[in-house]
Amino acid sequence: MNLMKKSLDEKLARIHADPHGAKDFILADAKDADMALGLGATGRSPEADAGRYRSLQEYRDQIEQIVAQGLVDIMLMSAHTNEILTIQKRLFDQSQVTPAARANDTTDIHVMRGGKSPSLPALPFRTATLDHIQCGHVECSTDERHLGANLGLYSITYQNDSVIDREALERYKEFRIEAERKGFRHFLEVFDPNRPESVDASKLPDFINDAIVRMLAGVTAKGRPLFLKMVYHGPRAMEDLVHYDPHLVVGILGGSAGTTYDAFKLLAEAKKYGARVALFGRKINNAENQLAFVRFLRWIGDGEIEPEEAVKAYHGVLQQLGIKPLRSLADDLTLQTGVMSYGGDGRTISVPPTKPGEPSPIRGRLTTAAPDFAKMTPAEKWAYQKSQWR
């Protein structure tokens, strides 16, 4: 079977060949929330009755549309969704998008209505097996392992507790050994402690950075993660980690949905200080129009548009499509996170919406081609955006 080359592999190769010069940015859609949030994982459909979530089929339909769009590099799914879309439907065979599956689900992501797990110390747990992710059943033959995903997310949550952390590290070691034997690649998600009292807030960025590099110092090339997925703790912490090892490809997680400006600015700021990957789940899933939202994330990641421009243009798209935005443009241009703070402490800022008489945001249907934005003035970018939406 001749499978299409994956953009993830090409970008990682360029990044490692020239860590300081490569301009590549990796974008992932995290559609694995059904392993965490229960019925609420699928998000609310704009067309649904109040209080009703999308069905699982609607959730998977959205995955198929985003894969067909081809602007993300990775689609992260649950093992069950991976079985249906990757193994059975062969969705990724002729796509540049790489399928991935969540390979473990520590107890802190067991977010059930009325449940207590998210507030208790995270304990290691794995629902999926690597064989089920790779071929759909308990023992894969050698020629079956390519049928499913061969990339997975492994998550670890440090607690600053030697007993709990030692257990988590032992389980990660077991996973790495199994993954190496079965030719399974992974990227590593490192969560902050889910108990605020575990680490002083002022020391948390340094604690997480030190935990990561200490943990991986004993891991040789065959067992190392392709990249990290972690909380963005501000420019200083990002710069420190990237400076320490330019080949440690750092990615950020999106966190809560927030405003559109939160998402766009978070990606731009993290990239500015050294991040090479963004993995957004709720920020994409809760967008009014996911395909348009992803398109702007891609343009921001590729340095073709600024976050402020993108928010205004995104609202123009919603207006043209007749979709009611969740927030007014003024509210959506409010930054509710601390991405602008060098030390990582929170701050809320906002940028002005488009004034009366200024060019309206871009409209219509987006094409896949884009000119060289680096050589265009802001006015030329704006004119191009308008022309791309009909």
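The values are calculated or read from the model by the stated rules, or taken from the named source; none is laboratory data. Note that the coordinates shown come from a computational prediction; the quantities given were computed from them, not determined experimentally. Cβ: placed from backbone, ideal geometry, glycine included. Neighbour counts: every protein chain shown.
Observations on the model:
- Single unsatisfied condition, residue 104 versus (1) crowded, with 20+ Cβ neighbours inside 10 Å; (2) in a loop (DSSP other than H, G, I, E, B); (3) at pLDDT below 95: (3)
- Scan of the range 138-158 for residues that are surrounded by 15 or more Cβ atoms within 10 Å (Cβ to Cβ) and more than 23 Å from the chain's Cα centre (by Cα), ordered by number: 140, 144, 145, 147
- Test: residue in the range 244-255 that is at pLDDT 95 or above, part of a strand (DSSP E or B) and of a type in the set (Gly, Ala, Ser): yes
- Exclusive hit being of a type in the set (A, V, I, L, M), assigned to a strand (DSSP E or B) and either out of contact with any strand residue (DSSP E or B) (no Cβ under 7 Å at 6 or more places or on another chain) or more than 19 Å from residue 180 (Cβ to Cβ) (or both), set 147, 153, 76, 91: 76
- Residue tally, condition farther than 16 Å from residue 257 by Cβ and at pLDDT below 95, over the range 325-347: 9
- Number of residues in the range 144-194 that are in contact with an Asp or Glu (Cβ under 8 Å, 6 or more places away or on another chain) and of a type in the set (A, V, I, L, M, F, W, C): the value is 4.
- Test: residue in the range 113-122 that is more than 24 Å from residue 253 (Cβ to Cβ) and either assigned to a loop (DSSP other than H, G, I, E, B) or touching a Cys at 6+ places or on another chain (Cβ under 9 Å) (or both): yes
- Taking each residue of the range 70-93 that is touching a residue at least 12 places away in the same chain (Cβ under 8 Å) and within 14 Å of residue 150 (Cα to Cα) and looking for partners that are part of a strand (DSSP E or B) and of a type in the set (Val, Ile, Thr) with beta-carbon atoms closer than 9 Å, six or more apart or interchain, yields 74/26; 74/98; 74/277; 75/98; 92/98.
- The lone criterion from (1) assigned to a helix (DSSP H, G or I); (2) out of contact with any strand residue (DSSP E or B) (no Cβ under 7 Å at 6 or more places or on another chain); (3) under 22 Å from residue 32 (Cα atoms); (4) not β-branched (Val, Ile, Thr) left unmet by residue 299 is number (3).
- Positions within the range 8-27 being buried (at least 18 other Cβ atoms within 10 Å of the Cβ) and more than 20 Å from residue 87 (Cα to Cα), in sequence order: 11, 12, 15, 24, 25, 26, 27
- On inspection, residue 305 passes the criterion of being part of a loop (DSSP other than H, G, I, E, B), within 17 Å of residue 267 (Cα to Cα) and of a type outside the set (Asp, Glu).
Each row is one residue, and each column tells you yes or no for (1) of a type in the set (Val, Ile, Thr); (2) within 22 Å of residue 263 (Cα to Cα); (3) in contact with an Asp or Glu (Cβ under 6 Å, 6 or more places away or on another chain).
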| residue | (1), (2), (3) |
| --- | --- |
| 26 | yes, yes, yes |
| 38 | no, no, no |
| 43 | no, yes, no |
| 105 | no, no, no |
| 112 | no, no, no |
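- In a residue-by-residue description of the range 48-68, the property of being under 30 Å from residue 10 (Cβ atoms), in a loop (DSSP other than H, G, I, E, B), over 15 Å from the mean Cα position of the chain (by Cα) and of a type in the set (Ser, Thr, Tyr) applies to no position.
- Of all residues in the range 258-274, those that are over 18 Å from residue 28 (Cβ atoms) have Cβ atoms under 6 Å from Cβ atoms of residues that are hydrophobic (A, V, I, L, M, F, W, C) and in a helix (DSSP H, G or I), 6 or more apart or on another chain, in 260/311; 261/311; 273/238.
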